[in-house]
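Let me begin by presenting the structure, written as structure tokens, before commenting on it.
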Amino acid sequence: MSGTVLTRPATTVAGRPPSRRRRSSARARRRALPWVLLAPALLVIGVLLLYPLIRVFLLSLQDYGLRNVVSGQSNYIGLGNYAEIFTDAYLWQVALPNTAVFAVATVGGTVVFGTLVALLLRTLGPVARTVVVSCIMVAWAMPAVTGTYVWIWIFDVDRGIVREALTAAGVLGPDGFNWFTERLTFYAIATLNVVHHGFPFVAVTVLAGLLTVPRELYEAAALDGANAWQRFWHVTVPTLRPVFAVVTILSTIWDFKVFAQVYLMPGGAGSNVDVLNLGVWSYVRSFGRQEYGMGSAIAVVLTLMLLAITVVYLRSLFRDEELS
Amino acid sequence: MSRSALGKGAAVAGVLAFTLFPAYFMLMSAFSEGGATGTGALLPTSFTLEHFRYVLVEAGFLTYLRNSLIVALITVAGSSLVALLAAVAVARFRFRLRTTVLIMVLVVQMVPLEALVIPLFLQVRDLQMLNTLIGLSIVYIALALPFAVWMLRGFVAAVPKEVEEAAYIDGASWPRMFWSVLLPLVAPGLVATAIFSFITAWNEFILAMTFMNQGDKYTVAVGLRQFFGQYTTDWPSVMAASTIITLPVMVFFLFVQRGLVSGLVQGAVKG
């Protein structure tokens, strides 16, 4: 490659006079051009996403506290943090179940409810469908932070609408009930929040898939005497398998790393140790207790779990399609 | 017929009620005079703008709005430019490691922010850029970039190659072709991508909370927390502020939803 490699395209003068060297240098430039175009993106991703990933792994091998932050000195202890995490009952009894069971519940809820809504949307006329899709977009567009605050307010222990309704109905006594202190009710509210925010994506994606299934398939199945459930199970599901795979795995990835929806809830920022998930646990250890090495190790465990899911995702994405 | 139509109507009503209730409740709590209790917010009797006045004028939310806007605009400008160049590279050229680059772009999107926040905090701290809007913006550019590249790649690939070749035949150089032919054709995609970068920066919480610990540097997502007292919460103010944060996102979202859905489904459904 010649010196033109270093020439940025923006500085190349348009309509430069033709010369004998032009052909070969043009070819070299063309070969280098994609890398010149990619350079800024690769630099940003490398410095701000990949390097931190390496760094968080290195931090996870250290006993890194506030003193190290100030002095910048490293303090390697091998796999000590990991040994501590994996022998800690807190991981197995609290943080991991809170992460995994919550993810299963939210992904299940999101995909089932989203699919039901998509099936409903398909039966509507074009105008009604557009109106309903626009409305469910409102749930998707609600930022996680403000959406979470609205759900907390709905379930507010003293003056929330649920409390007032239950008291008026005589179900709840004057003392009320704090559903944020109990692990199960805490995560029930978080699940409601995440399903509400996540189902529009599933509904709209599955709807787009449903509209590509040829009507003839359903007609043929109906002629063969299949009822609605059989038509869904034997025609829709096999045809839309890739769509279901994508929405399920993407939802799993998103729901595994839920942070604000738990952190912002009462007690979710560390004061109620029963309700932390892996992400919040890592954050609280790092920034609450200044144990950056320990927090990093928890974060690495979370990242590896997500990476495993991502590999499954990429497999299902590329099984029948080459990147083009 | 009428019974199934009735059932369908009831199902649609149920879905809409569940979907819209939080947004309705947020608006009513913010605008109603009795918004400090659940019932007062659900069925308002009189409306007021007092909560908004308090939030914007007395609680300093204008500062947070300004901070968020600056950060989001820098993010949009930076990520759109960088992503467009990269998208052209992966959509228009065949080169070694191209698939590797694409897979990397996909994979980095899965990395949880909880893992990045610790090293990024140390990195930004070392550069003395904590509590600076530019420091936060630069990190947001990186966050918005992979998705922007992925989305723009589809838009660039959709431009027929013949259009480019025609420009070359007319004697245009590559930069000239890029500027006068490709750029206008992918402009709609660029707008959609820009809006997504804007929403990413506007909504982000964990990094903003970690990097910004001076009150005058808060972004809107972090600024909301100040209405929470130890024992009581000023819910009408929280809801008024939430309304202010949510509205631009909703407007943008309705604007780009079509492009988003088709872009996401592209990988899944093959027509």
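The values are calculated or read from the model by the stated rules, or taken from the named source; none is laboratory data. Predicted model only: the values in this text are computed from it and were never measured. All Cβ positions, even for glycine, are placed from backbone atoms using ideal geometry, and neighbour counts span all protein chains on display.
Please verify whether residue A:105 is under 28 Å from residue A:204 (Cβ atoms), among the hydrophobic types (A, V, I, L, M, F, W, C), in the same structural domain as residue A:251 (by TED's automatic domain parsing) and modelled with pLDDT under 95, treating the condition exactly as stated.
Spelling it out, it is not the case that residue A:105 is under 28 Å from residue A:204 (Cβ atoms), among the hydrophobic types (A, V, I, L, M, F, W, C), in the same structural domain as residue A:251 (by TED's automatic domain parsing) and modelled with pLDDT under 95.
Any idea which of (1) away from chain B (no Cβ under 12 Å); (2) more than 22 Å from residue B:196 (Cβ to Cβ); (3) crowded, with 22+ Cβ neighbours inside 10 Å is the one residue A:194 doesn't satisfy?
Tallying (1) away from chain B (no Cβ under 12 Å); (2) more than 22 Å from residue B:196 (Cβ to Cβ); (3) crowded, with 22+ Cβ neighbours inside 10 Å, residue A:194 fails exactly one: (2).
Please give the number of the condition residue A:116 fails out of (1) more than 11 Å from every other protein chain (Cβ to nearest Cβ); (2) closer than 18 Å to residue A:191 by Cβ.
Unmet for residue A:116, out of (1) more than 11 Å from every other protein chain (Cβ to nearest Cβ); (2) closer than 18 Å to residue A:191 by Cβ: (1).
Is it the case that residue A:292 is over 15 Å from the mean Cα position of the chain (by Cα), within 11 Å of chain B (Cβ to nearest Cβ) and under 23 Å from residue A:146 (Cα atoms)?
no
Looking only at the stretch A:64-95, how many residues end up being aliphatic (A, V, I, L, M) and out of contact with any Leu (no Cβ under 8 Å at 6 or more places or on another chain)?
Within the stretch A:64-95, residues that are aliphatic (A, V, I, L, M) and out of contact with any Leu (no Cβ under 8 Å at 6 or more places or on another chain) number 5.
Say whether the condition of being charged (D, E, K, R), more than 28 Å from residue B:224 (Cα to Cα) and loosely packed, with under 13 Cβ neighbours inside 10 Å is met by at least one residue in the stretch A:129-146.
Looking through the stretch A:129-146, none of the residues is charged (D, E, K, R), more than 28 Å from residue B:224 (Cα to Cα) and loosely packed, with under 13 Cβ neighbours inside 10 Å.
Scanning for something under 26 Å from the mean Cα position of the chain (by Cα), crowded, with 22+ Cβ neighbours inside 10 Å, without any contact (Cβ under 8 Å) to a residue 24 or more places away in the chain and more than 21 Å from residue B:42 (Cα to Cα), does the stretch A:153-163 turn up at least one residue?
Checked against the condition, which is being under 26 Å from the mean Cα position of the chain (by Cα), crowded, with 22+ Cβ neighbours inside 10 Å, without any contact (Cβ under 8 Å) to a residue 24 or more places away in the chain and more than 21 Å from residue B:42 (Cα to Cα), the stretch A:153-163 yields no hits at all.
Within the bounds of the stretch A:206-219, is there any residue that is at pLDDT 90 or above, assigned to a helix (DSSP H, G or I) and of a type in the set (Lys, Arg)?
Taking every residue of the stretch A:206-219 in turn, none turns out to be at pLDDT 90 or above, assigned to a helix (DSSP H, G or I) and of a type in the set (Lys, Arg).
Do we find a residue being in the same structural domain as residue A:190 (by TED's automatic domain parsing), modelled with pLDDT under 90 and not small (Gly, Ala, Ser) anywhere in the stretch A:264-285?
No - not one qualifying residue is present in the stretch A:264-285.
What pairs can you find where one residue is in the stretch B:31-57 and buried (at least 19 other Cβ atoms within 10 Å of the Cβ), the other is basic (Lys, Arg), and their Cβ atoms are less than 9 Å apart, with a gap of 6+ or different chains?
Within 9 Å, the pairs are B:37/A:159; B:38/A:159; B:38/A:163; B:40/A:159.
Tell me, yes or no, whether the stretch B:229-237 has at least one residue that is modelled with pLDDT of 90 or more and either hydroxyl-bearing (Ser, Thr, Tyr) or within 30 Å of residue B:124 (Cα to Cα) (or both).
yes
Listed residues A:237, A:247; which is surrounded by fewer than 23 Cβ atoms within 10 Å (Cβ to Cβ), within 30 Å of residue A:188 (Cβ to Cβ) and of a type in the set (Val, Ile, Thr)?
Within the list A:237, A:247, the selection yields A:237.
Might you check whether a residue that is under 18 Å from residue B:231 (Cα atoms) and out of contact with any helix residue (DSSP H, G or I) (no Cβ under 7 Å at 6 or more places or on another chain) occurs anywhere in the stretch A:181-193?
There is at least one residue in the stretch A:181-193 that is under 18 Å from residue B:231 (Cα atoms) and out of contact with any helix residue (DSSP H, G or I) (no Cβ under 7 Å at 6 or more places or on another chain).
For the condition within 14 Å of the chain's Cα centre (by Cα) and over 27 Å from residue B:31 (Cα atoms), what is the one hit in B:220, B:186, B:191?
B:191
Could you please find all residues in the stretch B:138-164 being at pLDDT 90 or above, over 16 Å from the mean Cα position of the chain (by Cα) and more than 10 Å from every other protein chain (Cβ to nearest Cβ)?
Listed by number, the list holds a single entry, B:156.
All but one of (1) crowded, with 20+ Cβ neighbours inside 10 Å; (2) assigned to a helix (DSSP H, G or I); (3) at the interface with chain A (Cβ under 10 Å from one of its Cβ atoms) hold for residue B:110; which doesn't?
(2)
Considering the stretch B:90-100 alone, what residues qualify as being of a type in the set (A, V, I, L, M) and in contact (Cβ under 8 Å) with a residue 12 or more places away in the chain?
Those that are of a type in the set (A, V, I, L, M) and in contact (Cβ under 8 Å) with a residue 12 or more places away in the chain: B:90, B:91.
Quick check, is residue A:262 touching a helix residue (DSSP H, G or I) at 6+ places or on another chain (Cβ under 8 Å) and farther than 17 Å from residue A:191 by Cα?
no
Could you please give the count of residues in the stretch B:226-250 that are over 15 Å from residue B:68 (Cβ atoms), within 9 Å of chain A (Cβ to nearest Cβ) and not aromatic (Phe, Trp, Tyr)?
5
With the checklist (1) within 13 Å of another protein chain (Cβ to nearest Cβ); (2) free of Cβ contacts under 8 Å to residues at least 60 places away in the same chain; (3) in a loop (DSSP other than H, G, I, E, B) in hand, flag the one item residue A:64 doesn't pass.
Condition not satisfied by residue A:64: (2).
If you check every pair at least six apart or on different chains, which have Cβ atoms under 6 Å apart with a residue in the stretch B:178-205 that is within 14 Å of another protein chain (Cβ to nearest Cβ) and farther than 14 Å from residue B:251 by Cα first and a residue that is part of a helix (DSSP H, G or I) and of a type in the set (Asp, Glu) second?
As it stands, the answer is none, since no pair meets every condition given.
Mind telling me which of the residues A:216, A:164 ends up being of a type in the set (D, E, K, R) and farther than 21 Å from residue B:17 by Cβ?
A:216
Given the criterion at positive phi and surrounded by fewer than 16 Cβ atoms within 10 Å (Cβ to Cβ), identify the matching residue among B:20, B:73, B:97.
Every option except B:97 fails the conditions.
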